[in-house]
Amino acid sequence: MVKGIIFDMDGTMVDSLPYHHEAWKIFFNENKVENFSEKLKDYKGGGTLDLMKAVYGDKYSLKQLKKMSDEKEVIFRRIYKGKINPIEGFMNFLIDVKSKNILIGLASNAIRKNVSLITKELEIYDGFDSIICGDEVDNGKPNPEMFNKTIDRFKINKNECLIFEDSLEGIMAANNSGINVVGITSSSSHQTLKEAGSIKTINNYIDFDLSSYRFILFDESDSSPEL
């Protein structure tokens, strides 16, 4: 029985990824960084600060990188505000989940200011029983820290929870936590998400029937799902 659901945000609740890409482009153009896509090819996930480290290495101090990260996110919020739309079917699915008295969590590598902007513009901020953001944990995804903290807040077993994620890092974090995860195909293909460890993949929430959902159990000695 599903007692708790945890949503990622970017690419899972909203298709904000094109706006993030545009914000990065604006930031790097303003800071005269050339071929930044090459600098990011080995990046394995995390928050904006982690991405800055991947690009700049030891060129700047942590304090300077944090300031630059904040600048990029300001750009993102500026260009995305007023244009925020949920992924198709998400709002009705959220209402349905809430009507079943299922606990609802949000766990995102995004910073709190971004999460507040998006959830408040969609008018769903108060619908979450737990919100954990990337600037509130020691380790972002693929580390399972924020998922584990959400489970602790929910006071439920991991096999009673379901995660919705779009990124490979998020799916890895769910698998590392030992929680079943459904992949959203906003940034990767069905095949890629399945190979990463999703037990199901969907394009949107329109046809997802929670009542007919069957869990794949995890072996406690192994965080990988038994597919």
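Since every read-out is calculated from the coordinates, none of them should be taken as a lab result. Please read all numbers here as calculations on a predicted model, not as lab measurements. Glycine also receives a Cβ, built like all others from the backbone with ideal geometry; neighbour counts cover every protein chain displayed.
Miscellaneous remarks
- FRET efficiency for residue 96 and residue 120, using Cβ-Cβ distance with R0 set to 25 Å, rounded to 0.05: 0.70
- Net charge of neighbours whose Cβ lies under 13 Å from the Cβ of residue 25, counting Lys and Arg as +1 and Asp and Glu as -1: -1
- A crude spin-label estimate for the pair residue 112 and residue 209, with each label 7 Å from Cα along the Cβ direction, gives 4.2 nm.
- Highest-first arrangement of 24-35, 191-202, where packing means the average Cβ count within 10 Å: 191-202, 24-35
- Taking Lys and Arg as +1 and Asp and Glu as -1, the other residues whose beta-carbon sits under 9 Å from that of residue 170 total -3.
- Helix 168-177 and the long axis of the chain differ in direction by around 50°, with both axes built from C-alpha atoms.
- Dipole magnitude of the chain, debye to nearest 20 (Cβ charges: Lys/Arg +1, Asp/Glu -1, about Cα centre): 640 debye
- Structure-based [θ]222 nm, the chain - -39500 (n - 2.57) summed over DSSP H runs of at least 4, per residue, nearest 500: -12000 deg cm²/dmol
- With a Förster radius of 30 Å applied to the C-beta separation of residue 79 and residue 189, the computed FRET efficiency comes to 0.65.
- Electrostatic tally near residue 84: other residues with Cβ closer than 12 Å to its Cβ, Lys and Arg +1, Asp and Glu -1, net 0.
- Cross-link check: pairs 53/158; 113/155; 32/63; 98/155; 3/113 evaluated at a Cα-Cα cut-off of 25 Å; pairs beyond the cut-off: 53/158; 113/155; 3/113.
- Calculated FRET value between residue 153 and residue 1, using beta carbons and R₀ = 22 Å, to 0.05: 0.75
- Couplings for the stretch 103-120, taken from phi via the Karplus curve 6.51 cos²θ - 1.76 cosθ + 1.60 with θ = phi - 60°, read 5, 10, x, 10, 9, 9, 5, 5, 6, 4, 4, 5, 4, 5, 4, 5, 5, 6 Hz in order; Gly and Pro are left as x.
- Net length gained if the chain between residue 35 and residue 88 were fully extended (0.36 nm per residue, minus Cα distance): 15.7 nm
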